[in-house]
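Chemist: Would you mind keeping the following structure in view while I ask a few things?
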Amino acid sequence: MAMTNWGSARYEGLGKSGKGHVSTQSGALENQPYGFNTRFEDAPGTNPEELIGGAHASCFTMALSFALADAGFKDGVLDTKAVVTLEKDGDSFKVSKSELTLTAQIADIPEDKFAEIANGAKKNCPISKLLNCDITLEHTLNSEFSVG
């Protein structure tokens, strides 16, 4: 089963003076502004690295959720942040790293089993597979978590 989703962007003007807008199929983003000032300065709007961070964090977290369920765990809470690094690469730029930081509350899971499952999710989530950069994972597990 293949799935497709789309995002679109429009950029008016060129270089630093240009202004763009990005939209997604779902409407979660609709004509969200982006440009030089939102990417390299602190202007309101978004930028590609922020969008990649959101995509990577959500993809990894969902992959981990399913992997934990497949391993027999019933409930928990997963909070992930992905920090995407953009750096100079010769005359251009490259995304060099995506740093995943996870805080998890899963009842009755041994730390080593959790680390194994989390690292598998990091390696196998579709966005991790897409990215051509260093991907790291740090996690904090609260296995004393109880639901209720």
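Chemist: Give the residues of segment 59-97 that are in contact (Cβ under 8 Å) with a residue 24 or more places away in the chain and small (G, A, S), sorted by residue number.
Modeler: Listed by number, the residues that qualify are A63, A67, A71, G76, A82, S96.
Chemist: Taking the condition of being outside any helix (DSSP H, G or I) and loosely packed, with under 14 Cβ neighbours inside 10 Å, how many residues in segment 1-33 meet it?
Modeler: Adding up the residues that qualify gives 21.
Chemist: Report the residue count in segment 102-148 for those that are touching a Ser or Thr at 6+ places or on another chain (Cβ under 7 Å) and within 18 Å of E49 (Cβ to Cβ).
Modeler: Adding up the residues that qualify gives 4.
Chemist: Could you list, in sequence order, the residues of segment 67-89 that are over 24 Å from D108 (Cα atoms) and out of contact with any Phe, Trp or Tyr (no Cβ under 6 Å at 6 or more places or on another chain)?
Modeler: So the first thing to find is which residues in segment 67-89 are over 24 Å from D108 (Cα atoms), and the list is 82-89.
Residues satisfying the conditions are A82, V83, V84, T85, E87, K88, D89.
Chemist: Still on this structure: Collect the residues in segment 33-68 that are among the polar types (S, T, N, Q) and under 18 Å from the mean Cα position of the chain (by Cα), keeping them in residue-number order.
Modeler: T46, N47, S58, T61, S65, listed by residue number.
Chemist: Which of the residues that make up segment 98-121 are among the charged types (D, E, K, R) and touching a residue at least 40 places away in the same chain (Cβ under 8 Å)?
Modeler: Quick first cut of segment 98-121, residues among the charged types (D, E, K, R) only: 99, 108, 111-113, 116.
Passing the criteria: only K113.
Chemist: State which residue is farthest from L78 (Cα to Cα) when the search covers only segment 88-123 and only residues that are surrounded by 13 or more Cβ atoms within 10 Å (Cβ to Cβ) and polar (S, T, N, Q).
Modeler: S96
Chemist: Within the group L64, L100, which residue is touching a Phe, Trp or Tyr at 6+ places or on another chain (Cβ under 7 Å), assigned by TED's automatic domain parsing to the domain that holds L137 and under 17 Å from T136 (Cβ atoms)?
Modeler: Checking each option against the conditions leaves just L100.
Chemist: A further question on this structure: Quick one: which residue in A71, A82 is surrounded by 12 or more Cβ atoms within 10 Å (Cβ to Cβ), of a type in the set (A, V, I, L, M), closer than 20 Å to N124 by Cα and more than 17 Å from the chain's Cα centre (by Cα)?
Modeler: Values: A82 fails: more than 17 Å from the chain's Cα centre (by Cα).
A71 is the lone residue from the list that is surrounded by 12 or more Cβ atoms within 10 Å (Cβ to Cβ), of a type in the set (A, V, I, L, M), closer than 20 Å to N124 by Cα and more than 17 Å from the chain's Cα centre (by Cα).
The values are calculated or read from the model by the stated rules, or taken from the named source; none is laboratory data. All of these numbers come straight from a predicted model, not from anything done at the bench. Glycine gets a Cβ as well: all are built from the backbone with ideal geometry, and neighbour counts include every protein chain shown.
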